Amino acid sequence: MTGPPIGRADLATLARRGLPGLLVPLLLYYLLRWHGVQPAPALVLSNTPAALWTAYRLLAGRTVDKVAVVGLAATALAAGLTLADADPRLVFGRTALITGGFGLWCLATVRGPRPAALRLSRPILERIFHWADWDDLWAREPAFRRLWRVTTVLVGTVQLLDATLRATLAWTVPLDVLPAVTTATNLTVGPVLLMLVNAYQVRAGLYRMLGVRWRRPVRPR
């Protein structure tokens, strides 16, 4: 192999898959607002199609992306707050609660037998590095355990910072600007965190421990 598993091509694939899920609700929100729907109901309705699709896949027993499950939970929470006639800014700030809760859960698992980053990454990486014995690596390699604990701290810390940013925006930015700002945040935080984690794991030797050997590309003379 000539480089780490996550490169420009992988980020481009993630963008192709993720952009519609971010941009379609945004466009739908502003369409609803243009037709006079209030901000909180417009937010719920704009995210309902994706939430219903995720719920259908869950009920059908199909594989569902964890991000989609979080989106379903966020939409359900927003719907509940809207029905309860809560402050619209609390409805818009619901993702801060979910993101902050996820960050706290990550940090709470750092010293446990399976840090959050390992739990979430292993099913994906095992399909790529199918020859590696993850349980054996965890049992005999202190560097492997440390790597996943540091990764979990990194992910948890970024999620808490992200939650703080989202809460601040939810209570300071005009309501009709919030969906656009939130979409911009989603497009920034996720890829940046992915690149940070990947850079650290390459430097810490994860792929070497998984049995991958890099080779330098041969330059033509």
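Pick out, from region 28-127, the helices (runs of 4 or more DSSP H) lying fully within it that include 2 or more residues that are over 28 Å from Thr151 (Cα atoms).
Result: 39-59, 66-83, 88-92.
Mind checking which residues of region 70-90 are aliphatic (A, V, I, L, M), open to solvent by 60 Å² or more (accessible area, probe 1.4 Å) and modelled with pLDDT under 75?
Scanning region 70-90 gives Val70, Leu83, Ala84.
Return yes or no: is Thr182 open to solvent by 30 Å² or more (accessible area, probe 1.4 Å), touching a residue at least 60 places away in the same chain (Cβ under 8 Å), closer than 25 Å to Thr109 by Cβ and assigned to a helix (DSSP H, G or I)?
no
Among the residues of region 130-159, how many are in contact with a helix residue (DSSP H, G or I) (Cβ under 8 Å, 6 or more places away or on another chain), outside any helix (DSSP H, G or I) and hydrophobic (A, V, I, L, M, F, W, C)?
Here the count works out to 1.
Scanning for something under 24 Å from Asn47 (Cβ atoms) and in contact with a Gly (Cβ under 6 Å, 6 or more places away or on another chain), does region 155-162 turn up at least one residue?
Checked against the condition, which is being under 24 Å from Asn47 (Cβ atoms) and in contact with a Gly (Cβ under 6 Å, 6 or more places away or on another chain), region 155-162 yields at least one hit.
Within region 98-114, is there a residue that is modelled with pLDDT of 85 or more, touching a Ser or Thr at 6+ places or on another chain (Cβ under 9 Å) and aliphatic (A, V, I, L, M)?
yes
Have a look at Leu97, Leu161, Leu169, Leu175 and point out the one that is closer than 29 Å to Gln38 by Cα and open to solvent by 70 Å² or more (accessible area, probe 1.4 Å).
Within the list Leu97, Leu161, Leu169, Leu175, the selection yields Leu97.
Which members of region 185-216 meet the condition of being in contact (Cβ under 8 Å) with a residue 40 or more places away in the chain and either of a type in the set (Lys, Arg) or assigned to a loop (DSSP other than H, G, I, E, B) (or both)?
Gly205, Leu210, Gly211, Val212, Arg213, Trp214, Arg215, Arg216
For region 110-128, indicate whether the set of residues that are within 28 Å of Leu90 (Cα to Cα), surrounded by 12 or more Cβ atoms within 10 Å (Cβ to Cβ) and either aliphatic (A, V, I, L, M) or without any contact (Cβ under 8 Å) to a residue 60 or more places away in the chain (or both) is non-empty.
Yes, some residue in region 110-128 is within 28 Å of Leu90 (Cα to Cα), surrounded by 12 or more Cβ atoms within 10 Å (Cβ to Cβ) and either aliphatic (A, V, I, L, M) or without any contact (Cβ under 8 Å) to a residue 60 or more places away in the chain (or both).
The values are calculated or read from the model by the stated rules, or taken from the named source; none is laboratory data. Here the structure is a predicted model, which is why all the values come from computation and not from measurement. With ideal geometry, Cβ positions are generated from the backbone for all residues, glycine too; neighbour counts draw on all protein chains shown. The area values use the complete protein model at the heavy-atom level, side chains included, leaving out ligands, DNA and RNA. Shrake-Rupley method; radii C 1.70, N 1.55, O 1.52, S 1.80 Å.
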